[in-house]
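The values are calculated or read from the model by the stated rules, or taken from the named source; none is laboratory data. Everything quoted here is computed from the prediction, not taken from an experiment. Here the Cβ positions follow ideal geometry from the backbone for every residue, glycine too, while neighbour counts run over all protein chains shown. Only protein heavy atoms, including side chains, enter the accessible area calculation; ligands, DNA and RNA are left aside. Shrake-Rupley method; radii C 1.70, N 1.55, O 1.52, S 1.80 Å.
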Amino acid sequence: MQKVPFFKHDLGETELQAISEVLQGNILTTGDFVASFESKFSRYLQANHAVGLTSCTAALHLSLEALGIKEGDEVITTPLSFIATSTAILHSGARPIFVDVEADTGNLDTKRIVEAITPRTKAILPVHLFGQMCDMKSLRNIADKYGLSIVEDAAHCIEGERDGIRPGQLGDTACFSFYATKNITCGEGGAVVTQSQKLAEQIALLRTHGMDSTASDRDKHGYSHWDMPILGWKYNMDNIQASMLLPQMERIEINLEKRKRLVQRYRERLKPCQDITLFETQPKVKHCYHLMPIRVAANKRDKLIDFLSASGIGCVVNYRPIHTFSYFAKNLPYNTGQFPIAENIGDEVISLPLYPELKLETVDWVCNQVRKFFDD
Ligand SMILES: *Cc1c(COP(=O)(O)O)cnc(C)c1O
C-alpha cells in the first residue's frame, strides 16, 4: 500500500450501524432507506425530486431515455471527462458531439456551443469538472433558445453552487455518483435530481425494468399482480447502499470544509513553483474541491507520475480526452488535434491525493516531493 493513497474513504462505525439496521429488517433491495435518502438528498440540493440508482452512468442514461433522446439524435458534451459521460449518450442511441473546453477551468466552453448545434441536436450534457459548476445560466439560455434539454453530469459536484444556482435547478436533470472515490460513497451508487415530477416518475419506472410496483410495495401491501408497461433497466439503488449514504449527508459540509483547507494549502505551496499551473475558480462559484488537479509540461507529466509513485504517493490523470480512446477514435468521426485545449489539459494534468482525513503536514510533504522533482 502507498504511503499517501490517492483517496481514502472515511466510512466506519456509523456506516456499520446503518447497515446493521437494514439487516434487522427484511427489505435489502429498494425500500424505505432509499426513500429517506432520496428525500434527504433532494432537500440538500433544494430540488423537488431525487431518484436513487446504481451509478451516475445509469443516471445519465435514464435521464436521456426519460427525455426521449434516441438513435439519430445528437448530444453536445465535453471531451474532457470520464468516459461514462459519453458512453451514456451512446447507450441512449444518440451521438456525442464534442465541444472544446475553457483553458482556465476545463469546463465546457459555452461560447462554442451554438456553432455545434444542428437540426439533430436534442440536448447539452455539461460536466461540472473537478467540483466547479459550469455557467448554467448561459447554458439554460442557449438550451431554451434552441429547444434543447440539459442533463448535468454532477458526479464531482454535490455541494456546488454558481450564481446562486445548484445542480439540478436549471438542468432538466442532474446526475450524481457515489462511486468509491466520490465525495459521498457507498462503493457503487448514483442518483438523479430533478425539478420535474414527470421525469422523476419516469426514471423511477425505468430503474426497475419498467415494472409498475416494487418488492417493497408487495412487502407492505401483500401480493398483487403487476404490469410492465414500458421496457426499463435494472438500475435501482438498494437499502444497503442508501443506509451507508444517509450518515454521510450529515457531514457533507464538514468534509467539504476539510478538503477546502487542504486545497488552499496545496495552492499556497505550489503557486510559487514556475513549473506548475493551477486551475482557476470563477466568481460566484462555491467549489466542491472534489479533486486537486495541477498542470505540468506535457513532456514531464508521466515522469512526475512515476516519481511520485516511487515516493509512495498515489496520483491519477483526470482526464485523457474521451475522443482519444480507441473505441471512440474508431466509432466517432473525431481525430486527435480537433479539441486542442482539452487535449493539452489531458497531456498536462495530474490529480494529487485529496480526501477529508488527509493531514496538512502530508500535503506539505507531497508538495515538497513535487517541487523536488522539478528542482533535481
Ligand atoms: C465517476 C464519474 C462518472 C461515473 O460515475 P459512476 O457512478 O461510476 O457511473 C461520470 N462522470 C464523471 C465526471 C465522473 O467523475
Subject >> Rounded FRET efficiency, nearest 0.05, which uses the C-beta distance separating R261 from D144 and R0 of 35 Å >> reply: 0.35
**OP:** Could you state the accessible area per residue of the chain in Å², with a 1.4 Å probe and every protein chain left in place?
**Re:** 44
**OP:** Would you rank I313, I117 by solvent-accessible area, highest first, keeping every protein chain in place and using a 1.4 Å probe?
**Re:** I117, I313
Subject >> Between 0 and 90°, nearest 10: helix 239-250 axis offset from the chain longest Cα axis >> reply: 50
Original post:
Once Lys and Arg get +1 and Asp and Glu get -1 on their Cβ, which of L358, Q338, I313 lies farthest toward the positive end of the dipole of the range 293-376?
Top reply: Q338
**OP:** Could you please put F33, F325 in sequence from largest to smallest accessible area, using a 1.4 Å probe?
**Re:** F325, F33
Original post:
According to a simple spin-label model (label point 7 Å from Cα along Cα-to-Cβ), what is the distance in nm between D163 and D227?
Top reply: 4.3
Subject >> Residue among A155, N236, T194 farthest towards the positive dipole end of the chain, charges placed on Cβ >> reply: A155
Original post:
Share of antiparallel DSSP beta bridges in the chain, in percent to the nearest 5?
Top reply: 60
Original post:
What dipole magnitude, in Debye to the nearest 20, does the range 178-293 give about its Cα centre under +1 on Lys/Arg Cβ and -1 on Asp/Glu Cβ?
Top reply: 740
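When the accessible area of the range 151-208 is split by element with a 1.4 Å probe, what percent falls to carbon and sulfur? Mind dumping the intermediate values first?
Numbers: 690 of 1560 Å².
Its accessible area is 44 percent carbon and sulfur atoms.
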Original post:
Taking K137 as the anchor, which aspartates and glutamates have their alpha carbon closer than 14 Å to its alpha carbon, excluding any fewer than eight residues away along the same chain?
Top reply: D109, E152, E161, D163, D172
Subject >> Linear extension gain, I83 paired with Q274, 0.36 nm per residue minus alpha-carbon span >> reply: 65.6 nm
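Indicate, rounded to the nearest 5 percent, the antiparallel portion of the DSSP beta bridges found entirely in the range 144-274.
If we restrict to bridges inside the range 144-274, about 65 percent are antiparallel.
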Original post:
Looking at the square roots a ≥ b ≥ c of the eigenvalues of the Cα gyration tensor of the chain, which shape do they give, rounded for a/c under 1.5, prolate if a/b is larger than b/c, or oblate?
Top reply: oblate
**OP:** Kindly report, to the nearest 10 Å², the accessible surface of D163 as traced by a 1.4 Å probe over protein heavy atoms only.
**Re:** 50
**OP:** At 1.4 Å probe size, with no ligands or nucleic acids counted, give the accessible surface of C186 in Å², nearest ten.
**Re:** 20
Original post:
So what is the relative contact order of the range 149-275, in percent, for Cα pairs below 8 Å that sit 6 or more residues apart?
Top reply: 19
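Return a whole-number percent for the relative contact order of the chain, with Cα pairs under 8 Å and 6 or more residues apart as the contact set.
Contact order relative to length: 23 percent.
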**OP:** Could you look at the range 326-376 and say what percent of its accessible area is carbon and sulfur, using a 1.4 Å probe and all protein chains?
**Re:** 44
Original post:
In the range 1-125, carbon and sulfur make up what percent of the accessible area (probe 1.4 Å)?
Top reply: 52
**OP:** Leaving ligands, DNA and RNA out of it, work out the accessible area of H128 with a 1.4 Å probe and give it in Å² to the nearest 10.
**Re:** 0
Original post:
If you place +1 on the Cβ of every Lys and Arg, -1 on the Cβ of every Asp and Glu, and leave all else neutral, what size is the dipole of the chain about its Cα centre, to the nearest 20 Debye?
Top reply: 620
Subject >> Inter-probe distance in nm under a simple model that places probes 7 Å from Cα toward Cβ, at E253 and A116 >> reply: 3.5
Original post:
Want the number for S213 to Q338: 0.36 nm per residue separation, take away the alpha-carbon distance, what's left?
Top reply: 40.2 nm
**OP:** Please give, to one decimal in nm, the separation of the simple spin-label points placed at V316 and F374, each 7 Å out from Cα toward the Cβ.
**Re:** 2.5
Subject >> Where only alpha carbons of the range 230-309 are counted, the Rg and the Dmax (Å) >> reply: 18.9, 58
**OP:** Please go through the range 35-81 and write out the GluC sites (Glu not before Pro) that DSSP classes as loop and that have at most 11 other C-beta atoms within 10 Å.
**Re:** E71
Original post:
Can you work out the FRET efficiency for the pair S309 and D32, with r the C-beta to C-beta distance and R0 = 35 Å, to the nearest 0.05?
Top reply: 0.20
Subject >> Y146, Y266, Y223, ranked by accessible area, largest first (probe 1.4 Å) >> reply: Y223, Y146, Y266
Subject >> DSSP-loop trypsin sites (Lys or Arg not before Pro) across the range 61-130, with at most 16 other Cβ within 10 angstrom >> reply: K70, R120
**OP:** Using only alpha carbon pairs under 8 Å that are at least six residues apart, calculate the relative contact order of the range 187-245 and give it in whole percent.
**Re:** 38
